[in-house]
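First comes the structure, then the notes that go with it.
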Amino acid sequence: MQDELAKIGVMRDRLSDLPIRFEAVDYRAASLAILSGVTFDIFPGEPTLLLGPNGSGKTTLLKLAMELLRPSAGRLTFADRQVGAVSRSAIVFQKPAMLRRSVAANISFALAPTNPNVINHLLDQVGLAGFEHRPARRLSGGEQQRLALARALARDPEVLFLDEPTASLDPAGTKGVEDIIVRIANAGVKIVMATHDLDASSSEPLRRTSSCPLNG
């Protein structure tokens, strides 16, 4: 897939966000402590899995790493910088929001400028070739998740954060999405994936990767 990404013009700039370093990070919503004293590093290389039960703060941690939230206490740095590089990361949630547009339009939303060749290539990479004119909200759950991955890749991310991307899928849909994730990782994109059940994964490469447990 690395050669395939090169064909669509993937040229990452020299400014990297890695490693992303959490140092004694807390996050509170009003009086509720969601994360407390989290310390770990996200390094380049093989995928990193965030393991923990529902409610343990996995989604919050991903949002902090994406700079969608700010820590209540502690220190969060990106390659020793206080602020991450612009557009170096992308995130896919468990239930991705689909625009009320076509499949192609959902990807073009993330592209500047829009390039039909890139759109078609990304759809081919996630197994959705020929779907470009279909309404995105009428796709199956697995198809929507694959479209969300294609839309994230349109940003040419250095780091791709995934929040339980297969939790709502059947076994066939899970395998299809996990196979794509492994190919993305093999192409050099850093994967950080939250999951509550690593044993449920159908992907041996994902089960063998490094993990960070969260206990809630």
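Miscellaneous remarks
- Sorted by Cβ density within 10 Å, fewest first, the residues HIS133, HIS121: HIS133, HIS121
- Annotation for segment 146-174 versus segment 78-125: alpha-carbon center distance of 11 Å.
- Near the amide H of ILE91, within less than 5 Å, lie the amide hydrogens of PHE161, all on another chain or at least 5 residues away, with H placed in the peptide plane.
No value in this document is a laboratory result; all are computed from the given coordinates. It should be emphasised that the depicted structure is a prediction, and the values quoted were computed from it without experimental measurement. With ideal geometry, Cβ positions are generated from the backbone for all residues, glycine too; neighbour counts draw on all protein chains shown.
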